[in-house]
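Visitor: What follows is a structure written as structure tokens; I'll ask about it next.
The values are calculated or read from the model by the stated rules, or taken from the named source; none is laboratory data. Quick caveat, the model's predicted, so the values are computed rather than measured. Methodologically, a virtual Cβ is constructed for each residue, glycine included, from the backbone with ideal geometry; neighbour enumeration extends over all protein chains shown.
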Amino acid sequence: MSFGGKKVIRNLSFEIMTGEVFGLLGSNGSGKTTTIRALLGLYQPSGGELLMCGKPYSPQDITVGYLPEERGLYKKENVIDVMTYFGELKGVKDPKRWSQRYLKRVGLHDKSQEKIEKLSSGQQQKVQLGITIMGDPKLLILDEPTKGFDPVNRRLLMDIIDEHHKKGATILLITHYMDEVERLCDRAILLKDGKAKAYGTIASIRKTFGGKSLDEIFVEVYGKNE
């Protein structure tokens, strides 16, 4: 993937197994979000391909829930209307009732009639996560899902993500929190400058780096000037 002649993703290749939680790791500017957007067709890559079960990917092949790092909500509308609208687009049965149950669970039931723009960034992220998981997508792509959350709310959202994994969803998790990777991920890839610096199971990555923790590995990789 190139922008203005500058190659930002270089010969990157990895695979995600059905039903696993896969961590896409790296510092800001390492190519994580660009990789996802290219794979989803939001960017046009200069080369490469995405295969689903050995065949070229088509959006009709699998239901995907994508949580972008930036908010993608209608800020002038109220919470319950926005969630219900997206639920209808996804074909969710009784999306208003589903949304009300979800809002109660994440502590936003009293905000259902508030306009999105009146919510804090963390509250908006909860709404966006709810929209993402509506309809139980088979593939969840979560870009910094707990960014800016306190420990209590981080644990709540991690529990919700874990529940969908147990239902059989395949999850691609982009995060800077290595404890989330340790807790949730089966395998991971660590990017730097659009290239893989580590790839495999969490145990094999740690073994390659002499048994260091993922935090220590991250510091080691990004502490090198190349």
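Visitor: Looking at 160, 141, 171, 205, which one is surrounded by 19 or more Cβ atoms within 10 Å (Cβ to Cβ) and not in a strand (DSSP E or B)?
Guide: 205
Visitor: So, in region 108-138, exactly how many residues are over 22 Å from the mean Cα position of the chain (by Cα) and of a type in the set (Gly, Ala, Ser)?
Guide: Selection size over region 108-138: 1.
Visitor: Looking at (1) in contact (Cβ under 8 Å) with a residue 24 or more places away in the chain; (2) outside any loop (DSSP other than H, G, I, E, B); (3) under 26 Å from residue 79 (Cβ atoms), which is the only condition residue 148 fails?
Guide: All conditions pass for residue 148, except number (2).
Visitor: Now for a separate question. Only one residue in 103, 73 is out of contact with any Leu (no Cβ under 8 Å at 6 or more places or on another chain), closer than 30 Å to residue 4 by Cα and crowded, with 17+ Cβ neighbours inside 10 Å, so which one is that?
Guide: On inspection, the qualifying residue turns out to be 73.
Visitor: Criterion first (hydroxyl-bearing (Ser, Thr, Tyr) and either buried (at least 17 other Cβ atoms within 10 Å of the Cβ) or farther than 23 Å from residue 138 by Cβ (or both)) does residue 13 satisfy it?
Guide: no
Visitor: Restricting to region 135-150, name every residue that is hydrophobic (A, V, I, L, M, F, W, C) and under 11 Å from residue 164 (Cβ atoms).
Guide: Scanning region 135-150 gives 139, 140, 142.
Visitor: With respect to residue 136, is the statement that it is in a loop (DSSP other than H, G, I, E, B), closer than 25 Å to residue 183 by Cβ and charged (D, E, K, R) true?
Guide: yes
Visitor: Continuing with the same structure: For the structure I just gave you, tell me whether residue 69 is of a type in the set (Asp, Glu) and at pLDDT below 95.
Guide: Yes: the conditions hold for residue 69.
Visitor: Moving on to the next point. Which of the residues spanning region 139-182 are of a type in the set (Asp, Glu), under 21 Å from residue 26 (Cβ atoms) and in contact with a helix residue (DSSP H, G or I) (Cβ under 7 Å, 6 or more places away or on another chain)?
Guide: Hits for region 139-182 are 143, 180, 182.
Visitor: Something else about it: Starting from region 153-174, keep only residues that are outside the structural domain of residue 17 (by TED's automatic domain parsing), then list their pairs with residues that are small (Gly, Ala, Ser) and modelled with pLDDT of 90 or more whose Cβ atoms are within a distance under 9 Å, requiring at least 6 positions of separation or different chains.
Guide: Matching pairs, first to second residue: none at all.
Visitor: Right, another one. Restricting region 36-92 to residues that are among the aliphatic types (A, V, I, L, M), closer than 19 Å to residue 126 by Cβ and in a loop (DSSP other than H, G, I, E, B), which is farthest from the chain's Cα centre (by Cα)?
Guide: Among those residues, the one meeting the criterion is 92.
Visitor: Which pairs do you get when a residue that is free of Cβ contacts under 8 Å to residues at least 40 places away in the same chain, found in region 30-44, comes within reach of a residue that is aromatic (Phe, Trp, Tyr) and part of a loop (DSSP other than H, G, I, E, B), reach meaning Cβ atoms under 6 angstrom, with the pair 6+ apart or on two chains?
Guide: Listed pairs, sorted by first residue: 37/43.
Visitor: Continuing with the same structure: Just to be sure, is residue 97 surrounded by 13 or more Cβ atoms within 10 Å (Cβ to Cβ) and of a type in the set (Lys, Arg)?
Guide: Spelling it out, it is not the case that residue 97 is surrounded by 13 or more Cβ atoms within 10 Å (Cβ to Cβ) and of a type in the set (Lys, Arg).
Visitor: Return a yes/no flag: does region 185-200 have any residue that is loosely packed, with under 14 Cβ neighbours inside 10 Å and not aromatic (Phe, Trp, Tyr).
Guide: No, region 185-200 contains no residue that is loosely packed, with under 14 Cβ neighbours inside 10 Å and not aromatic (Phe, Trp, Tyr).
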